[in-house]
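Peer 1: The structure follows.
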Amino acid sequence: METPVQAFERELLTLLPRLRRFARSLARDAADADDLCQVALERALKAKDQWQAGTRLDAWMYRITRNCWIDEVRARTRRAQTFAPEEAGHGVGVAGDAEIRAEMHDVDRAMGALPDEQREVIALVLVEGLAYKEAAEILDIPMGTLTSRLTRGRQALVRRLEAA
């Protein structure tokens, strides 16, 4: 005599070709359809106590398969929104990145070697883009002092960068 669990599993096996066909119509890809079928069968076997004997097992399985497919489509949509497209990574790791970082390190080191008053003027005028008058007001120095510090600072910076 066959137990209810054995009857359920036997009926499930007879449905397998129809489930695979339905999964293929949903997924439109054989490999995805096989995966979908497997997920649906796993879900059905875990929830076999929820199926009521005497009801249509095929309708129950189609509903499970369809729900699994909806879950998969939603997951794919989330993954597509989470990860950047492949084209976005084409410039990553390009040789120029290392060169730019090395040059920036050289500039940073050269700036650090300047006297404080020259570094302040260069930072405000050349880096931050302030007008001479604004920089002079911020530093509370005359315009002539600012321009002479800027000139000396530029020259020292060029010398240090050429030496690097």
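The values are calculated or read from the model by the stated rules, or taken from the named source; none is laboratory data. Keep in mind it's a predicted model, so treat the numbers as computed, not measured. So basically every Cβ, Gly included, is an ideal-geometry build from the backbone, and we count neighbours across all protein chains shown. Just the protein is used for accessible areas: all its heavy atoms, side chains included, with ligands, DNA and RNA removed. Shrake-Rupley method; radii C 1.70, N 1.55, O 1.52, S 1.80 Å.
Peer 1: Would you be able to say whether some residue in region 108-116 is under 42 Å from the mean Cα position of the chain (by Cα), open to solvent by less than 90 Å² (accessible area, probe 1.4 Å) and basic (Lys, Arg)?
Peer 2: no
Peer 1: Taking region 133-157 only, how many residues are open to solvent by 70 Å² or more (accessible area, probe 1.4 Å), among the aliphatic types (A, V, I, L, M) and over 45 Å from the mean Cα position of the chain (by Cα)?
Peer 2: Number of matching residues: 1.
Peer 1: Which one is farthest from residue 67 (Cα to Cα), of the residues in region 1-42 that are in a helix (DSSP H, G or I), β-branched (Val, Ile, Thr) and over 41 Å from the mean Cα position of the chain (by Cα)?
Peer 2: 5
Peer 1: Going through region 35-70 one residue at a time, which ones are loosely packed, with under 15 Cβ neighbours inside 10 Å, at pLDDT 95 or above and of a type in the set (Asp, Glu)?
Peer 2: Scanning region 35-70 gives a single hit, 42.
Peer 1: Related question: Could we say that residue 109 is closer than 30 Å to residue 32 by Cβ, of a type in the set (D, E, K, R) and at pLDDT 85 or above here?
Peer 2: No: the conditions fail for residue 109.
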